[in-house]
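Enquirer: What follows is a structure written as structure tokens; I'll ask about it next.
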Protein chains: 6
Amino acid sequence: MSDKKLTGKIARERIRVMQVPRPPEGLIDRLKSLGDASSIVSDIMDELGIVGALPASQFVPTIAGSCIVGPALTVRNIMQREHAYEAARTRVNKMAEFEAHNLAMPGDVIVIDGVAGISNMGGISAQTGKRQGEAGAIVSGAIRDVSHSRSVGYPVWATEISPITGKWRIETVEINGDVEIGNVRVSPGDIVLADDTGVCFIPQDRAAEVLLLAEKKAAAEARKCKLIDEGLAVADLPTNA
Amino acid sequence: MSDKKLTGKIARERIRVMQVPRPPEGLIDRLKSLGDASSIVSDIMDELGIVGALPASQFVPTIAGSCIVGPALTVRNIMQREHAYEAARTRVNKMAEFEAHNLAMPGDVIVIDGVAGISNMGGISAQTGKRQGEAGAIVSGAIRDVSHSRSVGYPVWATEISPITGKWRIETVEINGDVEIGNVRVSPGDIVLADDTGVCFIPQDRAAEVLLLAEKKAAAEARKCKLIDEGLAVADLPTNA
Amino acid sequence: MSDKKLTGKIARERIRVMQVPRPPEGLIDRLKSLGDASSIVSDIMDELGIVGALPASQFVPTIAGSCIVGPALTVRNIMQREHAYEAARTRVNKMAEFEAHNLAMPGDVIVIDGVAGISNMGGISAQTGKRQGEAGAIVSGAIRDVSHSRSVGYPVWATEISPITGKWRIETVEINGDVEIGNVRVSPGDIVLADDTGVCFIPQDRAAEVLLLAEKKAAAEARKCKLIDEGLAVADLPTNA
Amino acid sequence: MSDKKLTGKIARERIRVMQVPRPPEGLIDRLKSLGDASSIVSDIMDELGIVGALPASQFVPTIAGSCIVGPALTVRNIMQREHAYEAARTRVNKMAEFEAHNLAMPGDVIVIDGVAGISNMGGISAQTGKRQGEAGAIVSGAIRDVSHSRSVGYPVWATEISPITGKWRIETVEINGDVEIGNVRVSPGDIVLADDTGVCFIPQDRAAEVLLLAEKKAAAEARKCKLIDEGLAVADLPTNA
Amino acid sequence: MSDKKLTGKIARERIRVMQVPRPPEGLIDRLKSLGDASSIVSDIMDELGIVGALPASQFVPTIAGSCIVGPALTVRNIMQREHAYEAARTRVNKMAEFEAHNLAMPGDVIVIDGVAGISNMGGISAQTGKRQGEAGAIVSGAIRDVSHSRSVGYPVWATEISPITGKWRIETVEINGDVEIGNVRVSPGDIVLADDTGVCFIPQDRAAEVLLLAEKKAAAEARKCKLIDEGLAVADLPTNA
Amino acid sequence: MSDKKLTGKIARERIRVMQVPRPPEGLIDRLKSLGDASSIVSDIMDELGIVGALPASQFVPTIAGSCIVGPALTVRNIMQREHAYEAARTRVNKMAEFEAHNLAMPGDVIVIDGVAGISNMGGISAQTGKRQGEAGAIVSGAIRDVSHSRSVGYPVWATEISPITGKWRIETVEINGDVEIGNVRVSPGDIVLADDTGVCFIPQDRAAEVLLLAEKKAAAEARKCKLIDEGLAVADLPTNA
């Protein structure tokens, strides 16, 4: 990986990790098989004292019904100093989320700690991410070209949708550093799970533990649902399933 | 009803009314036959000096195209005092919206004056409400497991969607008391009408009056729509239909 | 046009322009053929130093997938002074967006600088606009009866959806004046382009220039998409397309 | 007045009224003698069915303890189309609140329906207003140089304070038209009353009526305060004073 | 207490507790002697797993520099159903915070779970509270007449300041029930401590424990401050004081 | 400097620069002598196409009337992963703004890209900063103990004030990296200027240029103020001073 050709859009030393750590064999598939499990995973993290879930009413999915699971590849964008018009005239583009696509391994989830009110990812970028085999993206900030990203089947959970480009407004200052997404800390390699209810970030070193407890809880919930279907009176239902 | 087995999740004296008053025969069906009538009902309440309508852009329906009408069964949730992690460890769950499901009669609408940023109703709860014959729910606060509640056909109008559980964060302090939903006062038995445009709460003792005026207004609007289809010039259309 | 029968809902002198200027032959069709082009048009306006784009997460389309292009016919609404209940009792309705429908030419886009929290356009109004041949509407403020406007195929980009009528709360004080929509200045005759990503207002006298540059950029983007499909490495993709 | 030299910063026809109507003799002084009367005036307008009061927590006074009363001279600002940097380079300044100062009569209150996030009035402007004998200003939007305006004793109730100039961002499109300030309609000549609790706009043609009722209510409140000081039990206090 | 004459502004059964429990001898004075201790008390509650602190930037004190400590007497207000103008005409006033003043014992703190955007307490009410010996009030919602309450030395921490009366808009539905203030649960008798940094609600049954730990922490902080004054290098300062 | 004893609260490699670059001789003093110059400096940066000013209504000064100028020493805080109660029990404190005080040179301004809703700086920290000779601090997020920091004369411009500690909630992940404060990019060594109107961040390499233009503009404004005092008619005042 170390000799991968880079895009040059961001200084090499600002890429803190070149390849996000791979999750243990089978972990991703087993999490996926839980279906839209953001609530269950959030519950397990609550029990372990981990802060890690975000609301879908704030991080809105572009493709309803999508469920993705994969390791986080993080990007941090901040506003640049130059007025947008000055930058547009001199055509200085400091965004580097294409470097993230360049580094991405199949299954990775791009996690952008981006700028509000401005697009941090467009349609061509989404199409590129899709081709690289990424599972999708989580963006704190706006994205654009949603019909484009929908058409290639690349789901994004974003806080805003806006046509206003970040090209002349945003600078990517870090790839694979620790970021904060909606008051949740995310490190590269943390496991992202996103569905119609929200987004969870599972710390990498707790992921196996979370998975086991989540599978157990999913089974308990399935039993409770069955009891409801069978007509058990509400007052007789088991508590805290 | 007085000897109904309770869940015990909330003190008996905090249930202010055991069964919400039944609306007059036919009222619900006639309101339903007006279709998505939140605008018409809001207009009639304006004319009667009643505050009672909420925007669908704030109380967002989980199932587009749903229209529900039914008497309100109210629940009031507030934050509990314990840190969530402390409560999760000791497994003290003070939510009692299952008691509401327990008390619900077919056609009731659960109305939760809930806590923002936290789920006040999950998928198993929605499935239970569906089985009990409820029409749906209105929630001031977050809900979760929206794909679950959608799959069983239980529509919810909620201000937020989030995987973060209320189980270790929320306490239900009152059932069938007077609550405030988005700056509208709601009492148990008030008639709830909800569609893609919004939610209306019709005071129970004004419901018959509102229905009659709404039917009249719906007819007037239908006439106006016909005139438009027939090509009447805009300047010749009747005013204030 | 000068002898057109007016609705009388607004004083004649408050209609600043009776007919919005027609765009040059072919301009609308060529913009339409770019597809959902709000991002491209926003980029071109950036390069020309023009502020003119609004986010779809704020101005939310009622009909997903819609793309409209057409000249703006502007309406300015403000709160009236009377309490709503007083106005409802005396039945004084000062809204005049029907005058806008009356003045509209086929293809026009109604642009309402409206009041927040209150409906500035209802279903009958939308149906009327559709019959007049309008392309749709952009509304800063709430609209209502969204299932009605959807059923007649009249798309609206609005900041809110609410059943609460403006009839007894709002006064239309100006038609075809200069308005401000979400911090963008709009004049009658400016070209509106709206899609799932957002809304652009192109100043009328820059529209031809914007079109040419947008067509060029669309072609460049298509080439870049093709390169991605063909498998060109990310690091080798052209920049700033 | 008609031959007054204008600043030329705004087209003559966009000044809808050259001089705001003078209030009846004595009205201003009698309102002033009620002290900080925004609550009393708001109450009277409630009883008359008039919407006209704004919160001081939103329209924050720059000089605590100030009370002003005077007729409104209105200004409407909107965003201009050009990028700020382009405008700054070409030095095209379209703000015209100096024309308002030019037209102001002693005692007038400048009321600016301005742009959020950007300064609609600076220190030199405030100093000019002070010299012209204005009572102060109400600004929906930001102002700047608050230590300057404080030093000359010119109070402003504004929604924001920001150093970012409107000079290259804002255009004044109307003077002495009907404006909307925080969801209250204001016309030139309406009586503005502002204190630490809020801002009231009294319609000009209701002002005499409001004054009389306010004086009566102020007397009733003084009596109630005396009863409290004298130790009357709470349960014996008169209601609705 | 049971034969105290009531104001009749609220039904007797809606007063859940007639007199809030008295705190242990000396507790209030020892807490007061800690000075502006909201941060210290918040820290101790953190260590005990109690949620109980609110920001002063949201609950803004009307009198800078005030520090109050006392048991909570709670009031719950919700919107009433009638349009304000209808209520103003028929003069039906359903607010009952005067009943709270009537029930208050010297040193009590009125805690109002009120309505946003509308005044829940005015100047005459504050003056009455002062005469009754209350320490002050905490209000979730607006208050008015701040110069009046300042002049009698009755401090209020409120989320908004507005002249718009609650008299025709609000109904008090409960006194001395469990309320939620800014996402903190408060019960009657909980100890309120408020200063320029924020507001803390200490559960009554934990108050003695919190006091002891707070006194210990205050002493540790004083030692650390002394070390700083004496010039100890930053790297040598003790941690976590 | 390289052998300075560190606090160990943050990994050495996360301190990107050990000592912020010193501004040119005389620059700070000359900027200070312009008085409360945030508006003038913002204007000059506008003319140079630099984004760099923030509103005082968002970044509220704790000590009214303060004006500070000095080089930025930056701190980046993000939420930590552990639930606060878990961290409080295990007493793991990851905040490191004391390392910033440790590194600070006299005249430095601490600039914290902090966490909303939680205190990023308390009274002991402010007292330490004061002793180290810092000019003050700019904090995106809450601070606490404002009476403490006021008493030692250490001014802070912060977005919130809250007693809730960051000790068990926040992690400092970077010192002297590039941060974003309220949508302005700030690098270590940038010149901070803050007063009652707002906060400006002047890029270090443009500071000399900004100073010269600001001095020129200040002189022009002084001349204009003199003309106003001398009674020059508004229509004759020079434009764009």
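The values are calculated or read from the model by the stated rules, or taken from the named source; none is laboratory data. Remember, predicted model here, so these are calculated numbers, not experimental data. Note that we place each Cβ from the backbone using ideal geometry, even for glycine, and neighbour counts take in every protein chain shown. Please note that ligands, DNA and RNA were not included when accessible areas were found on the heavy atoms of the full protein model with its side chains. Shrake-Rupley method; radii C 1.70, N 1.55, O 1.52, S 1.80 Å.
Enquirer: What pairs come up if the first residue lies in segment F:89-106 and is more than 8 Å from every other protein chain (Cβ to nearest Cβ), the second is open to solvent by 20 Å² or more (accessible area, probe 1.4 Å) and aliphatic (A, V, I, L, M), and their beta carbons are under 6 Å apart, counting only those six or more places apart or on different chains?
Expert: Close Cβ pairs (under 6 Å, with a partner that is open to solvent by 20 Å² or more (accessible area, probe 1.4 Å) and aliphatic (A, V, I, L, M)) do not exist here.
Enquirer: Another one. Among the residues of segment F:77-114, count how many are within 16 Å of F:Ile161 (Cα to Cα) and either surrounded by fewer than 23 Cβ atoms within 10 Å (Cβ to Cβ) or small (Gly, Ala, Ser) (or both).
Expert: Total satisfying the criteria: 1.
Enquirer: If you don't mind, there's one more thing I want to ask. Taking the criterion of being more than 13 Å from the chain's Cα centre (by Cα), at positive phi and more than 14 Å from chain E (Cβ to nearest Cβ), would at least one residue in segment D:75-85 satisfy it?
Expert: No, there is no match, as no residue in segment D:75-85 is more than 13 Å from the chain's Cα centre (by Cα), at positive phi and more than 14 Å from chain E (Cβ to nearest Cβ).
Enquirer: Checking the condition over 16 Å from D:Val111 (Cβ atoms) and touching a strand residue (DSSP E or B) at 6+ places or on another chain (Cβ under 8 Å), which residue from D:Ile181, D:Ile164 passes?
Expert: Working: D:Ile181 fails: over 16 Å from D:Val111 (Cβ atoms).
Going through D:Ile181, D:Ile164 in turn, just one is over 16 Å from D:Val111 (Cβ atoms) and touching a strand residue (DSSP E or B) at 6+ places or on another chain (Cβ under 8 Å): D:Ile164.
Enquirer: Assess whether C:Ala235 counts as being part of a helix (DSSP H, G or I), touching a residue at least 12 places away in the same chain (Cβ under 8 Å) and touching a Leu at 6+ places or on another chain (Cβ under 7 Å). Talk me through it step by step, then tell me what you get.
Expert: On the way: part of a helix (DSSP H, G or I): yes; touching a residue at least 12 places away in the same chain (Cβ under 8 Å): no; touching a Leu at 6+ places or on another chain (Cβ under 7 Å): yes.
Answer is no for this residue.
Enquirer: OK, next. Being modelled with pLDDT under 95, within 30 Å of B:Asn183 (Cα to Cα) and open to solvent by 50 Å² or more (accessible area, probe 1.4 Å) narrows it down to one of E:Gln19, E:Gln58, so name that one.
Expert: On the way: E:Gln58 fails: modelled with pLDDT under 95.
Among E:Gln19, E:Gln58, only E:Gln19 is modelled with pLDDT under 95, within 30 Å of B:Asn183 (Cα to Cα) and open to solvent by 50 Å² or more (accessible area, probe 1.4 Å).
Enquirer: Residue under question is E:Met45, and the condition is that it be touching a strand residue (DSSP E or B) at 6+ places or on another chain (Cβ under 8 Å), crowded, with 24+ Cβ neighbours inside 10 Å and part of a loop (DSSP other than H, G, I, E, B); does it hold? Show your work before the answer.
Expert: Values: touching a strand residue (DSSP E or B) at 6+ places or on another chain (Cβ under 8 Å): yes; crowded, with 24+ Cβ neighbours inside 10 Å: yes; part of a loop (DSSP other than H, G, I, E, B): no.
No: the conditions fail for E:Met45.
Enquirer: May I ask you to list the residues in segment F:89-116 that are farther than 30 Å from F:Arg30 by Cβ and either in a loop (DSSP other than H, G, I, E, B) or in contact with a Ser or Thr (Cβ under 9 Å, 6 or more places away or on another chain) (or both)? Give the derivation first.
Expert: Just the residues of segment F:89-116 that are farther than 30 Å from F:Arg30 by Cβ, to begin with: F:89-96, F:98-99, F:114-116.
Within segment F:89-116, F:Arg91, F:Val92, F:Asn93, F:Lys94, F:Met95, F:Ala96, F:Phe98, F:Glu99, F:Gly114, F:Val115, F:Ala116 meet the criteria.
Enquirer: Quickly run through segment E:6-16 and pick out the residues that are among the charged types (D, E, K, R), assigned to a loop (DSSP other than H, G, I, E, B) and surrounded by fewer than 17 Cβ atoms within 10 Å (Cβ to Cβ).
Expert: First, pick out the residues of segment E:6-16 that are among the charged types (D, E, K, R): E:9, E:12-14, E:16.
Subsequent filtering for residues that are assigned to a loop (DSSP other than H, G, I, E, B) retains E:9, E:16.
Selection gives E:Arg16 alone.
Enquirer: Among the residues of segment D:144-153, are any more than 8 Å from chain F (Cβ to nearest Cβ), among the hydrophobic types (A, V, I, L, M, F, W, C) and either open to solvent by less than 10 Å² (accessible area, probe 1.4 Å) or part of a loop (DSSP other than H, G, I, E, B) (or both)?
Expert: Checking segment D:144-153: at least one residue is more than 8 Å from chain F (Cβ to nearest Cβ), among the hydrophobic types (A, V, I, L, M, F, W, C) and either open to solvent by less than 10 Å² (accessible area, probe 1.4 Å) or part of a loop (DSSP other than H, G, I, E, B) (or both).
Enquirer: Turning to a different aspect of this structure: Being touching a Pro at 6+ places or on another chain (Cβ under 7 Å) and either closer than 24 Å to E:Ala56 by Cα or part of a strand (DSSP E or B) (or both) is the filter here, so list the residues in segment E:195-213 that pass it. Can you show your working first?
Expert: Of segment E:195-213, the ones touching a Pro at 6+ places or on another chain (Cβ under 7 Å) are E:196-198, E:200, E:204, E:207-208.
E:Asp196, E:Thr197, E:Gly198, E:Cys200, E:Gln204, E:Ala207 - these are the residues of segment E:195-213 that are touching a Pro at 6+ places or on another chain (Cβ under 7 Å) and either closer than 24 Å to E:Ala56 by Cα or part of a strand (DSSP E or B) (or both).
Enquirer: Looking at segment C:162-198, which of the residues that are touching a residue at least 60 places away in the same chain (Cβ under 8 Å) and within 14 Å of chain B (Cβ to nearest Cβ) is surrounded by the most Cβ atoms within 10 Å (Cβ to Cβ)?
Expert: Looking at residues that are touching a residue at least 60 places away in the same chain (Cβ under 8 Å) and within 14 Å of chain B (Cβ to nearest Cβ), I get C:Gly166.
Enquirer: When only residues in segment B:199-232 that are within 9 Å of chain C (Cβ to nearest Cβ) and without any contact (Cβ under 8 Å) to a residue 60 or more places away in the chain count, which is most open to solvent (accessible area, probe 1.4 Å)?
Expert: First pass over segment B:199-232, keeping only residues within 9 Å of chain C (Cβ to nearest Cβ): B:199-200, B:221, B:224-225, B:228-229, B:231.
Going one step further and asking which of them are without any contact (Cβ under 8 Å) to a residue 60 or more places away in the chain, we end up with B:224-225, B:228-229, B:231.
Values: B:Lys224: 19, B:Cys225: 25, B:Ile228: 1, B:Asp229: 120, B:Gly231: 46 Å².
The residue in question is B:Asp229.
Enquirer: Just one of (1) without any contact (Cβ under 8 Å) to a residue 60 or more places away in the chain; (2) assigned to a helix (DSSP H, G or I) trips up B:Leu31, so point out which.
Expert: Status for B:Leu31: all satisfied but (1).
Enquirer: What residue, among those in segment E:117-132 that are within 12 Å of chain D (Cβ to nearest Cβ) and outside any helix (DSSP H, G or I), is nearest to E:Asp3 (Cα to Cα)? Explain how you work it out, then say what you get.
Expert: Here is the first cut: in segment E:117-132, the ones within 12 Å of chain D (Cβ to nearest Cβ) are E:117-119, E:121-132.
Checking the rest, the ones that are also outside any helix (DSSP H, G or I) come to E:117-119, E:121-122, E:132.
Values: E:Gly117: 36, E:Ile118: 33, E:Ser119: 31, E:Met121: 26, E:Gly122: 28, E:Gln132: 18 Å.
Residue satisfying both the conditions and the ranking: E:Gln132.
Enquirer: Quickly run through segment E:166-185 and pick out the residues that are closer than 18 Å to E:Asn120 by Cα and not in a loop (DSSP other than H, G, I, E, B).
Expert: E:Ile170, E:Glu171, E:Thr172, E:Val173, E:Glu174, E:Ile175, E:Val179, E:Glu180, E:Ile181
Enquirer: What number of residues in segment A:17-28 are in a helix (DSSP H, G or I) and in contact with a Leu (Cβ under 8 Å, 6 or more places away or on another chain)? Please lay out each step first, then the result.
Expert: So in segment A:17-28, the residues in a helix (DSSP H, G or I) come out as A:27-28.
Add one more test, that the residue is in contact with a Leu (Cβ under 8 Å, 6 or more places away or on another chain), and what stays is A:27.
Within segment A:17-28, residues that are in a helix (DSSP H, G or I) and in contact with a Leu (Cβ under 8 Å, 6 or more places away or on another chain) number 1.
Each row is one residue, and each column tells you yes or no for (1) under 16 Å from the mean Cα position of the chain (by Cα); (2) closer than 30 Å to B:Leu48 by Cα.
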| residue | (1), (2) |
| --- | --- |
| B:Gly114 | yes, yes |
| B:Met121 | yes, no |
| B:Lys130 | yes, no |
| B:Glu171 | no, no |
| B:Val186 | yes, yes |
| B:Asp190 | yes, yes |
| B:Asp195 | yes, yes |
| B:Gly198 | yes, yes |
| B:Gln204 | yes, yes |
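Enquirer: Which residue, of D:Ala158, D:Ala126, D:Ala142, is without any contact (Cβ under 8 Å) to a residue 60 or more places away in the chain, small (Gly, Ala, Ser) and within 23 Å of E:Ala142 (Cβ to Cβ)? First the steps, then the outcome.
Expert: Details: D:Ala158 fails: without any contact (Cβ under 8 Å) to a residue 60 or more places away in the chain; D:Ala126 fails: within 23 Å of E:Ala142 (Cβ to Cβ).
Going through D:Ala158, D:Ala126, D:Ala142 in turn, the sole match is D:Ala142.
Residue by residue, here is whether (1) out of contact with any strand residue (DSSP E or B) (no Cβ under 6 Å at 6 or more places or on another chain); (2) hydroxyl-bearing (Ser, Thr, Tyr) holds:
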{"position": "A:Glu13", "(1), (2)": "yes, no"}
{"position": "A:Arg16", "(1), (2)": "yes, no"}
{"position": "A:Pro24", "(1), (2)": "yes, no"}
{"position": "A:Ile28", "(1), (2)": "no, no"}
{"position": "A:Ser57", "(1), (2)": "no, yes"}
{"position": "A:Ala88", "(1), (2)": "yes, no"}
{"position": "A:Val92", "(1), (2)": "yes, no"}
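Enquirer: Assuming D:Gly141 fulfils every condition listed in (1) within 7 Å of another protein chain (Cβ to nearest Cβ); (2) surrounded by fewer than 24 Cβ atoms within 10 Å (Cβ to Cβ); (3) small (Gly, Ala, Ser); (4) part of a strand (DSSP E or B) apart from one, which condition is it?
Expert: (1)
Enquirer: Now for a separate question. Is it the case that F:Leu34 is modelled with pLDDT of 95 or more, open to solvent by less than 50 Å² (accessible area, probe 1.4 Å) and either within 14 Å of chain D (Cβ to nearest Cβ) or touching a Ser or Thr at 6+ places or on another chain (Cβ under 6 Å) (or both)?
Expert: Working: modelled with pLDDT of 95 or more: yes; open to solvent by less than 50 Å² (accessible area, probe 1.4 Å): yes; either within 14 Å of chain D (Cβ to nearest Cβ) or touching a Ser or Thr at 6+ places or on another chain (Cβ under 6 Å) (or both): yes.
Yes: the conditions hold for F:Leu34.
Enquirer: What do you reckon, is E:Asp3 out of contact with any Leu (no Cβ under 6 Å at 6 or more places or on another chain), without any contact (Cβ under 8 Å) to a residue 24 or more places away in the chain, crowded, with 19+ Cβ neighbours inside 10 Å and not in a strand (DSSP E or B)? First the steps, then the outcome.
Expert: Values: out of contact with any Leu (no Cβ under 6 Å at 6 or more places or on another chain): yes; without any contact (Cβ under 8 Å) to a residue 24 or more places away in the chain: yes; crowded, with 19+ Cβ neighbours inside 10 Å: no; not in a strand (DSSP E or B): yes.
No, not satisfied.
The rows are residues; the columns are (1) part of a loop (DSSP other than H, G, I, E, B); (2) modelled with pLDDT of 95 or more.
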residue: B:Ser66; (1), (2): yes, yes
residue: B:Pro71; (1), (2): no, yes
residue: B:Asn77; (1), (2): no, yes
residue: B:Ala87; (1), (2): no, no
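Enquirer: Based on this model, can you work out whether F:Ser39 counts as within 14 Å of chain D (Cβ to nearest Cβ), assigned to a loop (DSSP other than H, G, I, E, B) and at pLDDT 95 or above?
Expert: no
Enquirer: Let me ask you something else. What's the total number of residues in segment D:61-76 that are surrounded by fewer than 21 Cβ atoms within 10 Å (Cβ to Cβ) and of a type in the set (Gly, Ala, Ser)?
Expert: The number of residues fulfilling the criteria is 3.
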